[in-house]
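The values are calculated or read from the model by the stated rules, or taken from the named source; none is laboratory data. All values derive from a computational prediction rather than experimental measurement. When we count neighbours, we look across all protein chains shown, and the Cβ atoms used for this are built from the backbone with ideal geometry, even at glycine.
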Amino acid sequence: MDFCRNFFMTFIYQYIAFKTRKTEYLYFFNRQKYIKAIDIARKESLEYLIPLIESVYDCEQSESVDTMWTTVRNAPFTVAQLAQEKIVQIIDEFQYLNSEIYRDRETKNLINDFAAGYMATAEYKNAPLLISGSWVGWLMKDLITMLPGRFQTLSLDPLPLDEAIEMIRKYANFYQIPITDDVMYLMASLCEGNPFYISSIMQGTYLKKDLTTRQGFLAILEFETLNPNGTIKKTWLDYFHAAISKINDQHARHIVLYLCKHRHRFVSKKEIKTQLQLEMTDDQLDQKLNALYMADMINRGGLNYKFQAVNDNIFDKVFMGEYGNDVDDFDTKEITQTYQRMIDDIQKKYRQLLGKYNQKMGLYTEYVLIDQLMYSAHKNSDYFKSLTHNLPQNFEFVKYERVWSYKASPVLRNDFQVDIFAKANEGTYSIIGEVKRRSTQKFSLKEARLFFEKIETLIQMEGLDKTWVQAFVYSVNGFYKNALTFMKKNGIAWCDDSNWLERHGVAS
């Protein structure tokens, strides 16, 4: 009866708040008084609610629990009919309806089929019902057994990599946690876009949180999966203990451990029984496997005769860390080593992607600089000269004969390439340019020397007058001091000012 009253009053005050746009009704403290609800409905000109409120009140006074629940459960539909509108009902953690509500105040008579009352209610067109639950196996069992055919199921997939990275960035900004791009990529990849894992790492209680290095991230991950105070570990163990409490079984952890060891494939019931030497009937094994499935600790495949542990990068580490010693001589250092290998693999992929990204951005920057030299620099020579260091006093940007990314003829040299070559008329400076758009690495002395060799080669290949050739390096991330010293000595101009790119809006 307490649940019915709380359910009904919550709905009534949410409805009144929506109709009046007065948020104070959402937080109204005196929700247990029917008379107060009637007064507010009358005050807000929502008189059509009053007979419904009185009806629920009469049910409670006469202790007509079943009638009260029917009236309360249908309240959204009733109000929608009265107001000629549609009301969307949303109930989160729906699976708890059958496990937390009792018929008596002594909480001894559990109503384990309470959710079955929604058999008809779920189909109302003007009051459609959306339900959700975090214990998916448990929720689906209740729906299949008590509400067959009443709901369409929709599972939320993990976040795509880009959205997971965006989520991590927003967490970092909100909690003011310093984090590097490579660690964001590591976290998003290793957590496989699982919002629970990501939020646990970002919001966890680990005191020495450092997300600016891979070792700092690894320390947090180890805490969350191996330490008893880690949110990820505590949550998974809660799920497991809930399953164990239903079957009171000593073999359950052995089953999960075996599936964890073979998490990349589905395992048959026959294999589980044989490999673990389980002396039980198939029905008894089914009971244990179904309990673990309901606790979301294993997945089913095929015709329910094959099973797989939760196939992500973290669950098996949590379980092996807690129960590995039950089966054989297991050292938790193996988990750290596994994480290290996974991080190495992810970082290798990150470096490959970063290299491809920098290459593409470098090519685009080359295009923008070529475009600027062709169409803008000669019109605004003083401006572009002010952005560039180490130019001769008589240097001017001019209208060039041609500006392009230079590649030597295969007949002469198949491997020779210069990022930018702006060829000018006689008596004005031609430009030989090098472009580096890297997010972390500065232009080095070694690169400066290699570029100097390129300049000499191109002058010779094109028969240029060395007096009228100006070398130029554009590096987004700047230059090492010894590289600048070398370039200054050898007459090479340089720039790291993003204003060179502003015309096309790609400033870094």
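Given the conditions (1) modelled with pLDDT of 90 or more; (2) more than 20 Å from GLN340 (Cβ to Cβ); (3) of a type outside the set (Val, Ile, Thr), which single one is not true for MET187?
Among (1) modelled with pLDDT of 90 or more; (2) more than 20 Å from GLN340 (Cβ to Cβ); (3) of a type outside the set (Val, Ile, Thr), the lone unmet condition for MET187 is (2).
Just wondering, is there one or more residues in segment 79-94 that are without any contact (Cβ under 8 Å) to a residue 12 or more places away in the chain and under 44 Å from the mean Cα position of the chain (by Cα)?
Checking segment 79-94: at least one residue is without any contact (Cβ under 8 Å) to a residue 12 or more places away in the chain and under 44 Å from the mean Cα position of the chain (by Cα).
Among the residues that make up segment 143-153, is at least one of them under 20 Å from ASP312 (Cβ atoms) and surrounded by 16 or more Cβ atoms within 10 Å (Cβ to Cβ)?
No, that holds for no residue.
Out of the residues in segment 10-56 meeting the condition of being more than 21 Å from ASP92 (Cβ to Cβ) and among the basic types (Lys, Arg), tell me which one is modelled with the lowest pLDDT.
Applying the filter and picking the extreme gives LYS33.
Within the group LEU464, LEU387, LEU391, which residue is within 15 Å of LEU501 (Cα to Cα), in contact with a strand residue (DSSP E or B) (Cβ under 7 Å, 6 or more places away or on another chain) and aliphatic (A, V, I, L, M)?
Residue meeting the stated conditions: LEU387.
On the basis of being over 20 Å from GLY117 (Cβ atoms), out of contact with any helix residue (DSSP H, G or I) (no Cβ under 6 Å at 6 or more places or on another chain), surrounded by 14 or more Cβ atoms within 10 Å (Cβ to Cβ) and among the hydrophobic types (A, V, I, L, M, F, W, C), does ALA37 make the cut?
Criteria not met by ALA37.
Is there a residue in segment 394-406 that is within 27 Å of TRP500 (Cα to Cα) and in contact (Cβ under 8 Å) with a residue 60 or more places away in the chain?
Yes.
Inside segment 301-405, counting only helices (runs of 4 or more DSSP H) that do not spill past its ends, which hold 3 or more residues that are surrounded by 15 or more Cβ atoms within 10 Å (Cβ to Cβ)?
Correct list: 315-323, 333-375.
Between a first residue in segment 225-236 that is β-branched (Val, Ile, Thr) and a second residue that is part of a loop (DSSP other than H, G, I, E, B), which pairs have beta carbons less than 9 Å apart while being 6 or more apart in sequence or on different chains?
As it stands, the answer is THR225/ILE314; THR231/GLY204; THR231/THR205; ILE232/GLY204; ILE232/ILE314, since those pairs meet every condition given.
Do you know which residues across segment 73-92 are exposed (fewer than 14 other Cβ atoms within 10 Å of the Cβ) and in a loop (DSSP other than H, G, I, E, B)?
GLN84, GLU85, LYS86, VAL88, ASP92
Could you look through segment 259-272, keep only residues that are in a helix (DSSP H, G or I) and surrounded by 18 or more Cβ atoms within 10 Å (Cβ to Cβ), and pick out the one that is modelled with the lowest pLDDT?
CYS260
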